[in-house]
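Q: The structure is given below, and queries will be raised subsequently.
The values are calculated or read from the model by the stated rules, or taken from the named source; none is laboratory data. Remember, it's a predicted structure, so these values are computed and weren't measured experimentally. Here the Cβ is made from the backbone with ideal geometry for all residues, glycine too, and neighbour counts use every protein chain on show.
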């Protein structure tokens, strides 16, 4: 078997994973990809991650069709599929379409419902193949996916973003790009609970940077004010949300706001997970599988729920450094593995 490249084309990031002919993970990369600025950003991100195929099959999944560059998601799916086909060759690109598995780029637009934002399913299929029952929680920079699995199957009730949000299988909170006003309706400050300003003054990255949990590699986009990504910069932005300035006297207040926001985000994930785990048709769950750049929250979630925790990176590589990157970019790794396994099944190897 030849190498396989897996791509996860998001609206804010591009993730790449490369498997060798034996199915071993040999490379994982990520780059900023602000598709709302134009489709040229995809080419720039592909250049940055070194996505040269040299005849290699490129298996792709996407969420970038959601970007407001297009009037609807079907248009976005078609445009991204065409762009990948133009870059790598239509015969070398396989688009992941959920339960339909892989389709040609030319067929992606007609199957937009299956293709759009299906990366969560690729990840869960890869996990479910290992057997057992559990809950995959992938906390990224922008969103969080919570997907039950068992008996080798994905047990999600929703398929589209709308259905998954209604089922609490998609929670639109992440650890880097979420505006602070979306994390909590009130913030503790100066002896009161203050409604945060409805302005894009600070993001979840600022909160998790002050708590010391954020890996700076997870925050590839400019800060809300375009300022420095430092503890001081984050404290200043968080205090702006409550109409205050950073001074020696308000440092502790900024840290308390950050702690509160981190707890509010964890609490939202906890509530969503409880709903999923108490479904009548959910098999007994003993393990939460953590993925994404915000999986530090997933580990805390497992502890809070008194469940075991497993890092998805350990499923993908025995090399700790590679495993960590793989966990950050799980859908890209998963879609490459799914296509590689399908190829090996066809050839009997």
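Q: Looking at (1) surrounded by fewer than 24 Cβ atoms within 10 Å (Cβ to Cβ); (2) closer than 22 Å to residue 329 by Cα; (3) at pLDDT 95 or above; (4) out of contact with any helix residue (DSSP H, G or I) (no Cβ under 7 Å at 6 or more places or on another chain), which one does residue 140 not meet, given that it meets all the others?
A: Single failed check for residue 140: (1).
Q: Give me the pairs: first residue in the stretch 248-274 and at pLDDT 95 or above, second residue surrounded by fewer than 18 Cβ atoms within 10 Å (Cβ to Cβ) and in a helix (DSSP H, G or I), beta-carbon distance under 6 Å, and six or more apart or on different chains, which are they?
A: 258/211; 262/211; 270/304
Q: Also: In the stretch 250-274, which residue that is in contact with a helix residue (DSSP H, G or I) (Cβ under 8 Å, 6 or more places away or on another chain) and surrounded by fewer than 21 Cβ atoms within 10 Å (Cβ to Cβ) is nearest to residue 189 (Cα to Cα)?
A: The extreme case among them is 253.
Q: Please specify each residue of the stretch 147-169 satisfying the condition of being farther than 16 Å from residue 63 by Cβ and modelled with pLDDT of 95 or more.
A: Passing the criteria: 148, 149, 154, 155, 157, 166, 167, 168.
Q: For the stretch 52-73, name all the residues that are under 27 Å from residue 3 (Cα atoms), part of a loop (DSSP other than H, G, I, E, B) and touching a helix residue (DSSP H, G or I) at 6+ places or on another chain (Cβ under 8 Å).
A: If the condition is that a residue be under 27 Å from residue 3 (Cα atoms), part of a loop (DSSP other than H, G, I, E, B) and touching a helix residue (DSSP H, G or I) at 6+ places or on another chain (Cβ under 8 Å), then 53, 55, 56, 63 are the ones that fit.
Q: Testing residue 340 on (1) surrounded by 17 or more Cβ atoms within 10 Å (Cβ to Cβ); (2) part of a helix (DSSP H, G or I); (3) at pLDDT 95 or above, one condition comes back false. Which one is that?
A: (3)
Q: Still on this structure, I have one more. Looking at residue 172 and the list (1) crowded, with 21+ Cβ neighbours inside 10 Å; (2) under 26 Å from residue 33 (Cβ atoms); (3) touching a strand residue (DSSP E or B) at 6+ places or on another chain (Cβ under 9 Å), which single condition is not satisfied?
A: Going through (1) crowded, with 21+ Cβ neighbours inside 10 Å; (2) under 26 Å from residue 33 (Cβ atoms); (3) touching a strand residue (DSSP E or B) at 6+ places or on another chain (Cβ under 9 Å) one by one, residue 172 breaks only (1).
Q: Out of all the residues in the stretch 1-48, which are surrounded by 22 or more Cβ atoms within 10 Å (Cβ to Cβ) and without any contact (Cβ under 8 Å) to a residue 40 or more places away in the chain?
A: 14, 33, 35, 45
Q: Related question: Here are the criteria: (1) modelled with pLDDT of 95 or more; (2) under 30 Å from residue 122 (Cα atoms); (3) surrounded by fewer than 21 Cβ atoms within 10 Å (Cβ to Cβ). Tell me which single one residue 245 does not satisfy.
A: Looking at each condition in turn, residue 245 falls short on (2).
Q: Next question. Could you go through the stretch 25-42 and let me know if any residue there is touching a helix residue (DSSP H, G or I) at 6+ places or on another chain (Cβ under 6 Å), closer than 19 Å to residue 107 by Cβ, at pLDDT 95 or above and assigned to a loop (DSSP other than H, G, I, E, B).
A: No - not one qualifying residue is present in the stretch 25-42.
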